[in-house]
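Working notes, beginning with the structure itself.
The values are calculated or read from the model by the stated rules, or taken from the named source; none is laboratory data. Here the structure is a predicted model, which means the values were calculated and not measured. As a convention, Cβ positions derive from the backbone with ideal geometry for all residues, glycine included, and neighbour counts pool all protein chains shown.
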Amino acid sequence: MIELTLPAGSLQAALHAFAGGTDAVYLGLRQFSARKHATNFSFDELARLKQEALRQDKRIYVTLNTLVDDRELDGTIAILRRLELLQVDGVIVQDLGLASLIHTDFPSLPLHCSTQLAVHTIEGVRELQRLGFSRIVLSRELTCKELTTIRQACPDVSLKVFIHGAMCYGFSGLCMASQTITGRSANRGECAQICRTWFSQTGSDSTERDGFFFSMTDLAVGRDILQLRDIGIDSLKVEGRMKSPAYVRFAARYYRMILDGETDERALSIAKNELDTQFSRDSGGGWTFAYGKELPQENRHTVPLTTIRYPGHKGTVVGCIRHLGVGHAQSVIVVTLVQDIAVRDGLMVLEDEASGMQNPVRFGLSKIVQRDGRETFVGKSGTDVEIPIPPGVEPTIGSSLYRVSRHDLHVPEINESSLQPFRYAYVLEITIGIDTLRIKARGLPTWIPSGIGQSYSLDIQQAKSPQQLQQNLEKVFSSPGEGLVTTASVEVINESALADTHVFMPLSQLKDIRRNWYEYLNKEINRHIDAVTPMERSTPLSLPALPARNMISPLSDSPIPWADPAKMLRQLQSGSQVETLLATVGGQVYLPLPPVMFEEQALFDALDTLTDHIGRNILVGLNNIGQLSWARNHPEIPCFADIYLYMTNRRAAQMFVDSIPNMGGMYGWVEREYLDASGWPCNVSQVGKDFSIPLFISRNCYRYDTLKLPCEGCPRNGSWKIEQNGRPYRVDVRNCVTIVSEQPEEQ
């Protein structure tokens with residue numbers, strides 16, 4: 001059966017997800033979480049949730065989905081040791097160095113790829129399989145047809161897709177807007193949500209002057225999840241670790257109803273309404289079901305995927321505003337209701353502003369007046385009612401009235417104090433000597449020395465009555481008290497001169513030994529958890545030094561820092577010269593590849609022809625994990641790790657060295673102005689402080705989704721100028737993909 005996975009920003013959220021019917025939750029710890037400002041989990045909370053998950057037959061996935069540097073990578077080892085003790089069902093990661101560490105040193109932890117790795121192609125999936133990933137969380141930008149193609153080409157790996165919640169404008173993992181504008185990296189869990197802020201258009205060909213140009217509609221797949229089940233997707237993911245426990249519970253319940261075959265449309269409608277009341281923007285099927293085209297040459301006729309006038313929570317529409325009146329103390333509106341409303345509900349109207357944006361006005365419903373002038377606590381659907389709104393507010397006649405909270409829609413807090421912590425189960429080996437008891441722990445994780453144990457003096461006597469040696473020892477040692485481990489089984493080895501039935505050991509001494517043993521064992525385990533294990537540092541491989549990154553961007557398509565091989569090939573075949581298209585430094589031609597490549601095989605075919613055409617002295621930059629296979633298939637062509645492969649630490653660098661047969665260099669982490677690579681397996685070239693990386697790379701077409709211009713007659717390319725707070729930016733569309741960059745100052 002397909003798995004339903006809900007977000008858990010807190011222990012309460014996880015418990016409510018379970019209560020709502022989810023199969024699994026994903027959650028973050030206090031460190032290395034891409035949702036740094038969620039409540040997140042302590043290890044004690046995680047241990048209690050793990051035990052509850054076992055009781056309810058649920059699964060837990062832990063996110064360590066940020067980029068980490070060398071110092072932090074060493075610091076993840078203690079975390080991974082604890083996660084191995086807790087036997088979590090998967091670890092979701094973005095950083096390739098961390099992935100390498102888990103795959104090599106913690107093979108019992110299933111390795112899941114975060115959507116932050118921007119995997120959206122067949123070769124991307126296959127490459128991550130080669131690196132040890134057992135589940136891939138695919139990019140949200142894929143259509144259902146593209147998902148089907150990947151599923152058929154990659155049948156032996158688990159695939160997870162998003163079905164509900166907020167969508168980012170830019171590809172997750174490739175978005176640099178927050179880092180560029182505020183210094184807060186989305187790859188470090190500190191996204192400032194620049195896509196939800198307003199911009200102004202400065203050109204002359206726009207119908208939109210101001211707006212939230214990059215604010216996406218929410219994803220709400222609904223019944224279409226059954227199509228995903230039918231094509232063989234393994235897991236469905238709801239977004240929202242920053243959302244409330246109530247939201248999580250209602251989302252779990254709604255999608256559980258669909259997966260369980262609920263046919264009562266009214267029940268489904270009520271469940272969806274309750275979910276949307278918790279949080280909902282304008283929503284739809286996203287790229288998966290509402291993008292509107294499957295082939296590049298097709299035109300789109302679907303509703304745009306952006307919500308540029310107002311980017312926030314709308315809840316549900318409860319009525320249409322028919323009349324605006326002004327009383328002595330307050331304003332009132334007359335509304336034709338399409339849903340029941342009640343006093344103490346939270347309502348909202350949107351005021352149109354001169355800029356074209358909308359201003360939200362939220363207020364509590366204090367009074368409902370029927371057409372006959374009588375007050376009522378509940379306004380009924382289909383009736384006209386008069387309600388007060390804040391003074392000075394003037395919503396547009398004919399606009400909607402929204403309910404953003406409901407007075408009776410709450411979930412009770414679930415008791416957490418009764419949850420017992422999970423403990424790692426190990427084998428306790430007890431050897432009985434003449435006057436000693438030797439105890440060993442077996443079956444512990446490999447980072448704990450094998451055969452860890454203690455010897456204890458014990459007054460072993462001949463029993464006056466028959467004893468049940470095995471049962472006696474199991475009864476004593478199966479109660480560990482507080483700690484990280486518990487006894488799965490007890491193996492008894494009797495090396496005394498007495499038969500098992502004649503061995504007597506004083507109970508008081510055994511209890512003292514048990515207490516001492518578990519104090520010792522937990523102390524040793526904690527000591528090994530926190531033990532510093534420096535990673536091996538090898539003699540670095542000498543790689544060619546790469547120029548500052550701004551020197552190798554293609555010459556023919558500024559400010560985009562990568563090349564389209566198919567476009568370059570057409571231009572060369574039309575008579576253009578290489579030196580007018582691609583940067584040449586020291587006689588070396590640089591060809592950085594795009595980080596997004598929906599037509600993967602077509603790109604590789606064009607790249608084959610292009611490199612043959614250019615001949616020698618070409619250096620290819622890899623910007624997507626799926627491009628590593630091309631490099632291995634062309635050992636004669638030197639390749640380098642470009643800016644979007646994120647060489648963050650020595651393990652990531654080692655992965656690249658091991659994966660590429662003809663290493664032509666690598667750039668360090670683009671978000672660090674200077675990266676200390678001492679002790680790395682190779683030298684690293686600095687990107688350079690003058691390089692400007694795009695803010696967004698989006699499958700949204702700015703022309704169609706923001707400017708609301710039709711596809712018909714469009715060349716699939718274009719450029720526009722925008723600004724925010726006096727800072728200029730440039731928007732470029734290339735083959736319906738939008739790239740937003742800082743606008744360089746005019747000379």
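Out of S576, S542, S556, which single residue is in contact with a Leu (Cβ under 6 Å, 6 or more places away or on another chain) and either within 28 Å of G688 (Cβ to Cβ) or not assigned by TED's automatic domain parsing to the domain that holds A441 (or both)?
The match here is S556.
Kindly indicate whether any position in region 550-566 is more than 28 Å from S172 (Cβ to Cβ) and among the charged types (D, E, K, R).
Within region 550-566, not a single residue is more than 28 Å from S172 (Cβ to Cβ) and among the charged types (D, E, K, R).
Taking into account only those residues within region 122-160 that are in a helix (DSSP H, G or I) and among the acidic types (D, E), which is farthest from A652 (Cα to Cα)?
Only one residue tops the list, namely E146.
Can you pull out every residue in region 59-74 that is over 15 Å from the mean Cα position of the chain (by Cα) and without any contact (Cβ under 8 Å) to a residue 40 or more places away in the chain?
Answer for region 59-74, where residues must be over 15 Å from the mean Cα position of the chain (by Cα) and without any contact (Cβ under 8 Å) to a residue 40 or more places away in the chain: just R71.
Filter region 238-287 for residues that are among the hydroxyl-bearing types (S, T, Y) and closer than 15 Å to L15 by Cα; which is modelled with the lowest pLDDT?
Out of the qualifying residues, it is S244.
Just checking, which of R632, R616, R549 is touching a Pro at 6+ places or on another chain (Cβ under 8 Å), more than 30 Å from A153 (Cα to Cα) and charged (D, E, K, R)? Explain how you work it out, then say what you get.
Details: R632 fails: more than 30 Å from A153 (Cα to Cα); R616 fails: touching a Pro at 6+ places or on another chain (Cβ under 8 Å).
Result of the check over R632, R616, R549: R549.
Taking the stated definitions as given, is Q420 farther than 30 Å from S10 by Cα and surrounded by fewer than 17 Cβ atoms within 10 Å (Cβ to Cβ)?
no
Which count do you get for residues in region 388-406 that are closer than 24 Å to I270 by Cα and either free of Cβ contacts under 8 Å to residues at least 40 places away in the same chain or in contact with a strand residue (DSSP E or B) (Cβ under 6 Å, 6 or more places away or on another chain) (or both)?
7
Being in contact with a Phe, Trp or Tyr (Cβ under 8 Å, 6 or more places away or on another chain) and touching a residue at least 60 places away in the same chain (Cβ under 8 Å), is that true of even one residue in region 567-583?
No, region 567-583 has no match at all.
Select from region 598-634 the residues that are at pLDDT 95 or above and assigned to a loop (DSSP other than H, G, I, E, B) and write down the one among them that is nearest to the chain's Cα centre (by Cα).
N624
Take residues that are of a type outside the set (A, V, I, L, M) and closer than 26 Å to V485 by Cα and tell me which of the strands (runs of 3 or more DSSP E) falling wholly in region 1-110 contain 2 or more.
Qualifying strands (runs of 3 or more DSSP E): 24-28, 59-64.
For D57, are the conditions met, namely being on the phi > 0 side of the Ramachandran plot and surrounded by fewer than 22 Cβ atoms within 10 Å (Cβ to Cβ)?
Taking the combined requirement at face value, the residue satisfies it.
Scanning for something over 18 Å from G312 (Cα atoms), of a type in the set (A, V, I, L, M) and surrounded by fewer than 23 Cβ atoms within 10 Å (Cβ to Cβ), does region 222-229 turn up at least one residue?
Scanning region 222-229 turns up at least one residue that is over 18 Å from G312 (Cα atoms), of a type in the set (A, V, I, L, M) and surrounded by fewer than 23 Cβ atoms within 10 Å (Cβ to Cβ).
Of (1) surrounded by 13 or more Cβ atoms within 10 Å (Cβ to Cβ); (2) touching a Leu at 6+ places or on another chain (Cβ under 7 Å); (3) not assigned by TED's automatic domain parsing to the domain that holds A499, L437 satisfies all except one. Which?
In the conditions (1) surrounded by 13 or more Cβ atoms within 10 Å (Cβ to Cβ); (2) touching a Leu at 6+ places or on another chain (Cβ under 7 Å); (3) not assigned by TED's automatic domain parsing to the domain that holds A499, L437 misses (3) alone.
Residue-by-condition table, conditions (1) more than 30 Å from I308 (Cβ to Cβ); (2) within 23 Å of the chain's Cα centre (by Cα); (3) modelled with pLDDT of 95 or more; (4) assigned to a loop (DSSP other than H, G, I, E, B):
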| site | (1), (2), (3), (4) |
| --- | --- |
| Q654 | yes, no, no, no |
| D658 | yes, no, no, no |
| P661 | yes, no, no, yes |
| E673 | yes, no, no, yes |
| G679 | yes, no, no, yes |
| K689 | yes, no, no, yes |
| I697 | no, yes, yes, no |
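Tell me yes or no: at least one residue of region 331-341 is out of contact with any Phe, Trp or Tyr (no Cβ under 7 Å at 6 or more places or on another chain), in the same structural domain as S399 (by TED's automatic domain parsing), crowded, with 20+ Cβ neighbours inside 10 Å and modelled with pLDDT under 95.
Yes - at least one qualifying residue is present in region 331-341.
Identify, from the list A606, A602, the residue that is at negative phi, of a type outside the set (S, T, Y), outside the structural domain of A118 (by TED's automatic domain parsing) and exposed (fewer than 14 other Cβ atoms within 10 Å of the Cβ). Reasoning before the result, please.
On the way: A606 fails: exposed (fewer than 14 other Cβ atoms within 10 Å of the Cβ).
The unique qualifying residue is A602.
Residues that are buried (at least 23 other Cβ atoms within 10 Å of the Cβ) and more than 22 Å from Q588 (Cβ to Cβ): does region 615-623 have at least one?
no
I'm told R650 meets every condition in (1) among the charged types (D, E, K, R); (2) under 17 Å from M568 (Cβ atoms); (3) touching an Asp or Glu at 6+ places or on another chain (Cβ under 7 Å) except one. Can you identify the failing condition by its number?
It is condition (2) that R650 fails.
When region 443-470 is examined, which residues are found to be touching a residue at least 40 places away in the same chain (Cβ under 8 Å) and either of a type in the set (K, R) or assigned to a strand (DSSP E or B) (or both)?
Selection gives Q454, Y456, Q461, Q462, K464.
The conditions are (1) polar (S, T, N, Q); (2) surrounded by 13 or more Cβ atoms within 10 Å (Cβ to Cβ); (3) at pLDDT 90 or above, and S478 fails exactly one of them. Which is it?
Condition (3) is where S478 drops out.
Taking only region 284-302 into account, find how many residues are closer than 29 Å to E351 by Cβ and touching a residue at least 60 places away in the same chain (Cβ under 8 Å). Write out each step before concluding.
Within region 284-302, the subset closer than 29 Å to E351 by Cβ is 284, 286, 290, 302.
From what's left, touching a residue at least 60 places away in the same chain (Cβ under 8 Å): 284, 286.
Counting residues in region 284-302 that are closer than 29 Å to E351 by Cβ and touching a residue at least 60 places away in the same chain (Cβ under 8 Å) gives 2.
Take V349 and decide whether it is at pLDDT 95 or above, within 31 Å of the chain's Cα centre (by Cα), not in a loop (DSSP other than H, G, I, E, B) and not basic (K, R). Reasoning before the result, please.
Values: at pLDDT 95 or above: yes; within 31 Å of the chain's Cα centre (by Cα): no; not in a loop (DSSP other than H, G, I, E, B): yes; not basic (K, R): yes.
When the stated conditions are applied, V349 does not pass them.
So which residues in region 440-475 are under 42 Å from the mean Cα position of the chain (by Cα), within 16 Å of I513 (Cβ to Cβ) and either surrounded by fewer than 13 Cβ atoms within 10 Å (Cβ to Cβ) or not charged (D, E, K, R) (or both)?
A441, I452, G453
May I ask you to list the residues in region 364-376 that are surrounded by fewer than 15 Cβ atoms within 10 Å (Cβ to Cβ) and touching a residue at least 12 places away in the same chain (Cβ under 8 Å)?
Matches in region 364-376: G364, S366, K367, Q370, R371.
If we only count strands (runs of 3 or more DSSP E) wholly inside region 169-242, which ones have 1 or more residues that are β-branched (V, I, T), within 27 Å of R253 (Cα to Cα) and in contact with a Leu (Cβ under 7 Å, 6 or more places away or on another chain)?
On the way: elements: 199-201, 218-220, 235-238.
Passing ranges, in order: 235-238.
Please count how many residues of region 269-283 are touching a residue at least 24 places away in the same chain (Cβ under 8 Å) and surrounded by fewer than 18 Cβ atoms within 10 Å (Cβ to Cβ).
0
Suppose the filter is in contact with a helix residue (DSSP H, G or I) (Cβ under 7 Å, 6 or more places away or on another chain) and either part of a strand (DSSP E or B) or surrounded by 15 or more Cβ atoms within 10 Å (Cβ to Cβ) (or both); does L401 pass it?
Working: in contact with a helix residue (DSSP H, G or I) (Cβ under 7 Å, 6 or more places away or on another chain): no; either part of a strand (DSSP E or B) or surrounded by 15 or more Cβ atoms within 10 Å (Cβ to Cβ) (or both): yes.
No, not satisfied.
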